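Asks: I'd like to ask some things about the structure below.
The values are calculated or read from the model by the stated rules, or taken from the named source; none is laboratory data. Note that the coordinates shown come from a computational prediction; the quantities given were computed from them, not determined experimentally. Here the Cβ is made from the backbone with ideal geometry for all residues, glycine too, and neighbour counts use every protein chain on show.
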Amino acid sequence: MGNVFVIAEQKDGHVKRVSLEILSELTRQGVAATAVVPGFGDLSKVTDNLVNHGAAKVVVLEHEALNQYNTEAYTNALHQYLSSQNPSVIVTGATSHGKDFLPRLAAKFTTGIAVDCTSFQLSGDKVSVRRPVYAGKCSKQVEFSGAPAIFSVRPNVLAVQTGSKSGSVEKVAANPGTVKAKIVSTVASQIKKVELTEADIIISGGRSLKSADNFKILTDCAATVGAAVGASRAAVDAGYAPHDMQVGQTGKTVSPKLYIACGISGAIQHLAGMRTSKVIVAINKDPEAPIFQKADYGIVGDLFEVVPLLTEELKKLKSQS
Amino acid sequence: MNIIVLIKQVPDTETKVRITADKRGIETNDIKWVINPYDEFAIEEGLKTKERLKEGLVSVVTVGPDRTVEALRTAVAMGADNAIHVKTESVLDTYLVAKALAEVCKKENANIIFTGKQAIDDDQAATFGYVAELLQFPSASVVVKCDISPDKSKATVEQEGDGGAKNVIETSLPAVLAVNKGINTPRYASLPGIMKAKKKEIKTYTLTDLGLGAENSKTIDSDYQLPPERAAGKKLQGDASAQAKELVRLLREEAKVI
């Protein structure tokens, strides 16, 4: 394998876990990779973390304009550096930023792209990835006919492990180029929410929640275990939850360790978006609901009764540990 | 103002996917084809933009085989002024589709380009970025609000960020905006619209017309697979309180996820 680059993502001096997941997988495959991290200021925690997870080398692309994410600045700086390095593989996390800049970077390299891959194999000169399509109703293998091969990896799928810890760190002055679109302000959500696609645990509600206010039952339960709250399309269309909470084919595709579906019947579009969750729990009044076919654990019952009891049990568990 | 909307025809979300014998794709007979749901929001935003500015032409563009003309006609029935079809029987990758779309945008002197944030078949969410970079336009993804300045030189858009945050982005025009559900409510086609769409002349290009006759896809798909079936698990017994207790125990001790 030629030169392999992992574009690592950091926010406020903390590295995103998916960057470490990718480095861990490369270590398992015996591939030495360079981690490239755009940013500014003290990034020692980030670079330490990348080295600890197997980066043979870490390159900080440094520029004040890269302190905050910007589509064009990131694309330009990454392209300027990477195009001088004869890359054969460029990989990053399929986060909102990764999905935003990677197609532009691929266009600059006049090459193909595979987004949101759930596995990849680098051996010899061959790069082969697998990615879900139709929101996970099926998956396909993708190979690249041109170089570099550019792809992104879905968060939460690959295991994290520490590596050789012997990598070096280098700083390179970056050139963010001309920027025509700028983020002028960011309005945080009123409630601090865990991002669905990166959450370990998701508790989702369907139309049987009956109102936006009732989602509080799920929010309370989620708070006990640091979970994100999701919703079915039916709940979103009924106005009980905003669209950024929607899980499924016209929402987000998620693969948490634990997915708890409350009052969700399990329409094909919803199942497609959450079926790769490691453990699925279904709570539903209707014993015939299709969701039970996919669930590892099922509770036939009224979510308004079961979920608060579950919250209490989880609280007890937390107070014991 | 030349408002361009890039659309894709995709299988309806109800579609039960079946893999072809050679595993290089999915069975397409019996599929109900629809406009990619996110592209419907893009069409609506194109029409709304024209209405707000009280001028401009909305042109919809798609790449694909003959059946995709139906998607163009639906967009015209909703109110689009022009329809452009890049006709190809081959399955192209994101790179080549974006190349074709970018060439059309150049021919049409695009002032603003709307498209859906992703197509729900291939889920790449990459076409908008390729097109923007190929045209050297700025771009914004996951857009849920769009305001264009009265002099039409710039747009202020709202982008959905992680964890429910909203980014306000200012961009010069021309630009490519990939829109998300929530930006608007797509209108239904009107009866006169449907009549007009039936007779609408569709401008057609081949890849050769666009100077892409010698270009090939950069990625090769194979080995389509259905996901492994999940075995139905256990239903917990007892009253609600016993079930909740047992669930937490199983998640902790058996599944080890909490």
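Asks: How many residues, within the range A:147-192, are of a type in the set (A, V, I, L, M), facing another protein chain (nearest Cβ under 10 Å) and either exposed (fewer than 14 other Cβ atoms within 10 Å of the Cβ) or more than 24 Å from B:Lys218 (Cβ to Cβ) (or both)?
Replies: 7
Asks: Follow-up question, since we're still on this one. For B:Gly163, which of the numbered conditions (1) in a helix (DSSP H, G or I); (2) more than 7 Å from chain A (Cβ to nearest Cβ); (3) surrounded by 12 or more Cβ atoms within 10 Å (Cβ to Cβ); (4) free of Cβ contacts under 8 Å to residues at least 60 places away in the same chain fails to hold?
Replies: With (1) in a helix (DSSP H, G or I); (2) more than 7 Å from chain A (Cβ to nearest Cβ); (3) surrounded by 12 or more Cβ atoms within 10 Å (Cβ to Cβ); (4) free of Cβ contacts under 8 Å to residues at least 60 places away in the same chain applied to B:Gly163, the lone miss is (2).
Asks: Step by step: first the residues of the range B:191-237, then only those that are part of a loop (DSSP other than H, G, I, E, B) and of a type in the set (Lys, Arg), then the one that is nearest to the other protein chains (Cβ to nearest Cβ). Which residue is that? Spell out how you get there, then give the answer.
Replies: If we filter the range B:191-237 for residues that are part of a loop (DSSP other than H, G, I, E, B), which is where we start, we get B:200-202, B:206-218, B:226-233, B:236-237.
Next cut, of a type in the set (Lys, Arg) only: B:200, B:218, B:230.
Values: B:Lys200: 28, B:Lys218: 3, B:Arg230: 5 Å.
Applying the filter and picking the extreme gives B:Lys218.
Asks: So, A:Tyr240, is that one in contact with a Lys or Arg (Cβ under 8 Å, 6 or more places away or on another chain), among the aromatic types (Phe, Trp, Tyr), over 24 Å from B:Gly233 (Cα atoms) and not assigned by TED's automatic domain parsing to the domain that holds A:Val153 or not?
Replies: On the way: in contact with a Lys or Arg (Cβ under 8 Å, 6 or more places away or on another chain): yes; among the aromatic types (Phe, Trp, Tyr): yes; over 24 Å from B:Gly233 (Cα atoms): yes; not assigned by TED's automatic domain parsing to the domain that holds A:Val153: yes.
Answer is yes for this residue.
Asks: Here are the criteria: (1) buried (at least 16 other Cβ atoms within 10 Å of the Cβ); (2) free of Cβ contacts under 8 Å to residues at least 60 places away in the same chain; (3) more than 20 Å from A:Ala33 (Cβ to Cβ). Tell me which single one A:Phe144 does not satisfy.
Replies: Every condition holds for A:Phe144 apart from (3).
Asks: Can you tell me which residue among A:Lys316, A:Lys278 is of a type in the set (D, E, K, R) and free of Cβ contacts under 8 Å to residues at least 12 places away in the same chain?
Replies: The unique qualifying residue is A:Lys316.
Asks: Quick check on A:Ile217: is it among the hydrophobic types (A, V, I, L, M, F, W, C), more than 11 Å from every other protein chain (Cβ to nearest Cβ) and crowded, with 20+ Cβ neighbours inside 10 Å?
Replies: Answer is yes for this residue.
Asks: Considering only the range A:109-122, I want to know if a residue exists there that is buried (at least 23 other Cβ atoms within 10 Å of the Cβ), in a helix (DSSP H, G or I) and assigned by TED's automatic domain parsing to the domain that holds A:Arg28.
Replies: Within the range A:109-122 (the criterion being buried (at least 23 other Cβ atoms within 10 Å of the Cβ), in a helix (DSSP H, G or I) and assigned by TED's automatic domain parsing to the domain that holds A:Arg28), the answer is no, since none of the residues qualifies.
Asks: Counting only residues that are part of a strand (DSSP E or B) and more than 9 Å from chain A (Cβ to nearest Cβ), which one in the range B:132-153 is surrounded by the most Cβ atoms within 10 Å (Cβ to Cβ)?
Replies: The first filter runs over the range B:132-153 and keeps only residues part of a strand (DSSP E or B), leaving B:139-148.
Next cut, more than 9 Å from chain A (Cβ to nearest Cβ) only: B:143, B:145-148.
Details: B:Val143: 27, B:Lys145: 17, B:Cys146: 23, B:Asp147: 11, B:Ile148: 21.
For the range B:132-153, the residue satisfying everything is B:Val143.
Asks: Output the number of the condition that B:Thr13 fails; it satisfies all remaining conditions of (1) in a loop (DSSP other than H, G, I, E, B); (2) among the hydroxyl-bearing types (Ser, Thr, Tyr); (3) away from chain A (no Cβ under 14 Å).
Replies: For B:Thr13, the exception is condition (3).
Asks: Let me ask something else about it. Can you name the helices (runs of 4 or more DSSP H) wholly within the range A:14-97 that have at least 3 residues being within 24 Å of B:Gly161 (Cα to Cα) and touching a residue at least 60 places away in the same chain (Cβ under 8 Å)?
Replies: Hits in the range A:14-97: A:17-28, A:71-82.
Asks: Just the residues that are assigned to a strand (DSSP E or B), over 14 Å from B:Lys203 (Cα atoms) and either modelled with pLDDT under 95 or touching a Phe, Trp or Tyr at 6+ places or on another chain (Cβ under 8 Å) (or both), please, taken from the range B:41-93.
Replies: Across the range B:41-93, there are no qualifying residues.
Asks: So which pairs qualify, if the first residue must be in the range A:295-311 and closer than 21 Å to B:Ala255 by Cα and assigned by TED's automatic domain parsing to the domain that holds A:Ile202, the second must be assigned to a loop (DSSP other than H, G, I, E, B) and small (Gly, Ala, Ser), the Cβ gap must be under 7 Å, and the two must be at least 6 apart or on different chains?
Replies: A:Ala295/B:Gly233; A:Asp296/B:Gly233; A:Asp296/B:Ala255; A:Tyr297/B:Gly233; A:Gly298/B:Gly233
Asks: Out of all the residues in the range B:135-149, is one or more at pLDDT 95 or above, out of contact with any strand residue (DSSP E or B) (no Cβ under 6 Å at 6 or more places or on another chain) and among the hydrophobic types (A, V, I, L, M, F, W, C)?
Replies: Yes, some residue in the range B:135-149 is at pLDDT 95 or above, out of contact with any strand residue (DSSP E or B) (no Cβ under 6 Å at 6 or more places or on another chain) and among the hydrophobic types (A, V, I, L, M, F, W, C).
Quick grid of which residues meet (1) buried (at least 23 other Cβ atoms within 10 Å of the Cβ); (2) touching a strand residue (DSSP E or B) at 6+ places or on another chain (Cβ under 7 Å); (3) over 18 Å from A:Tyr134 (Cβ atoms):
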site: B:Phe41; (1), (2), (3): yes, yes, yes
site: B:Thr49; (1), (2), (3): yes, yes, yes
site: B:Glu55; (1), (2), (3): no, no, yes
site: B:Ala80; (1), (2), (3): yes, yes, yes
site: B:Lys87; (1), (2), (3): no, yes, yes
site: B:Ala102; (1), (2), (3): yes, no, yes
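Asks: If you go through the range A:290-315 one residue at a time, how many are under 21 Å from A:Asn214 (Cα atoms) and part of a loop (DSSP other than H, G, I, E, B)?
Replies: Residues that pass the stated criteria total 2.
Asks: State all residues of the range A:232-249 that are without any contact (Cβ under 8 Å) to a residue 60 or more places away in the chain, within 12 Å of chain B (Cβ to nearest Cβ) and either surrounded by 21 or more Cβ atoms within 10 Å (Cβ to Cβ) or assigned to a loop (DSSP other than H, G, I, E, B) (or both); if no residue qualifies, say none.
Replies: A:Arg233, A:Val236, A:Gly239, A:Ala241, A:Pro242, A:Asp244, A:Met245, A:Gln246
Asks: Follow-up question, since we're still on this one. Could you tell me whether B:Ser172 is facing another protein chain (nearest Cβ under 7 Å), modelled with pLDDT of 95 or more and within 24 Å of the chain's Cα centre (by Cα)?
Replies: In short, yes.
Asks: Now for a different question. What are the residues in the range B:4-29 that are of a type in the set (D, E, K, R) and surrounded by fewer than 20 Cβ atoms within 10 Å (Cβ to Cβ), if any?
Replies: Hits for the range B:4-29 are B:Asp12, B:Glu14, B:Lys16, B:Arg18, B:Asp22, B:Lys23, B:Arg24, B:Glu27.
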